[in-house]
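Below is one structure, written out as structure tokens; the observations come after it.
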Amino acid sequence: MRGGPSRPPARRCTAARSGAIVNIGSVAGFQPLPSMATYSASKAFVDRFSLAVGVEARKHGVHVLSVNPGPVDTQFFTVA
């Protein structure tokens, strides 16, 4: 199996023939966002990457999941 940050956990899981990899995306990956194109595209990549790696990993008994939460109310923009 190939894949950047998922590679070390994937190797451990495939050796054990079980396990799960959970990647965190965002609902932003499902829609274009003005002034946030790079963010939206990167989150879309996380989702599609998870699907592709999941197809490869399935034959090794490994599950791959992409979690895509919606907006979270934080003080990020007031602090940044």
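The values are calculated or read from the model by the stated rules, or taken from the named source; none is laboratory data. Given the structure is predicted, the values throughout are model-derived calculations rather than measurements. For neighbour counting, all protein chains shown are included, and Cβ atoms are generated from backbone atoms with ideal geometry for every residue, glycine included.
Some points to look at:
- Counted as qualifying within the range 4-80 are the helices (runs of 4 or more DSSP H) with 2 or more residues that are surrounded by 10 or more Cβ atoms within 10 Å (Cβ to Cβ), namely 7-16, 37-58.
- Residue match in the range 59-71 (condition: modelled with pLDDT of 85 or more and in contact with a Leu (Cβ under 6 Å, 6 or more places away or on another chain)): no
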